[in-house]
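First comes the structure, then the notes that go with it.
Derivation of every value follows stated rules applied to the coordinates shown; laboratory data play no part. This one's a predicted model, so the numbers in the text were calculated from it and none came from an experiment. Using ideal geometry, Cβ is built from the backbone for each residue, glycine included, and neighbour counts are taken over all protein chains shown.
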Amino acid sequence: GSGVTNMHGSTGDIIFLGTTTPQLEEIFWTLTHDLNQDLGGSGSNLRTPADCLGQSRCEYACYDTQALCHFLTNEYQDELHRPAFPYKFKFKFDACPNGCVASIARSDMSFIGTWKDDIQVDQDAVNKYAENDAAYPSNGGSHRGSKDWGPFDIQKEVIDLCPTGCMKFENKKLS
């Protein structure tokens, strides 16, 4: 608006353009002592944790990021306002290795969902899907009743599109 303030970054900092340190100290004193406001600060403390949408919206989520973020926020709530860490400290939560919140690059402690154990495959369901069984419509039935897209090709439409190349489909067996 008036060019007097400048909001920047993801930290929520406010810059009062044209002020000097003595003027700012007076403003902070008035806000914190006279008006009893908690201003927080950028010194040593736990930052507000951040997480991806996780299981609420993402098919790749390996754990519930929102639940863990909520739990740790409540667990360390006191440190958000009363610094107990030697320097600023951030938690970030990625539900899978895709890293939508860039937890490794943007935090001190990253929580990244990964798969555990061997991948489980329901061969019967895979075969029914590959054969266009009515109980397992391709694309979850999203193209049902529309243009005939031809027979479903699991090799072309699934295996060849896998970015890691971790699957193969031979003799009606997915592995």
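Work out, step by step, the length gained on full extension between residue 118 and residue 57: first 0.36 nm times the residue separation, then minus their alpha carbon distance; give nm to one decimal. Write out the running numbers ahead of the final one.
On the way: separation 61, 0.36 × 61 = 21.96 nm, distance 2.42 nm.
Answer, rounded to one decimal: 19.5 nm.
Name the lysines eligible as straight-distance cross-link partners of residue 168: C-alpha to C-alpha under 27 Å, and not fewer than 8 places from it in the same chain.
116, 128, 156
Excluding residue 169 itself, what net charge comes from residues whose Cβ is under 13 Å from its Cβ, given Lys and Arg +1 and Asp and Glu -1?
Details: positive: 156, 168, 172, 173; negative: 131, 153, 157, 160, 170.
Overall, the nearby charge balance is -1.
For an R0 of 30 angstrom, estimate the FRET efficiency from the Cβ-Cβ distance between residue 23 and residue 108 and round to the nearest 0.05. Present the calculation step by step, with values, prior to reporting the outcome.
Working: r = 33 Å, r/R0 = 1.12.
E between residue 23 and residue 108, to the nearest 0.05, is 0.35.
Quick one: if you stick a label point 7 Å off each Cα along the C-beta vector at residue 98 and residue 75, how many nm between them?
Rounded to a tenth, the inter-label distance reads 2.6 nm.
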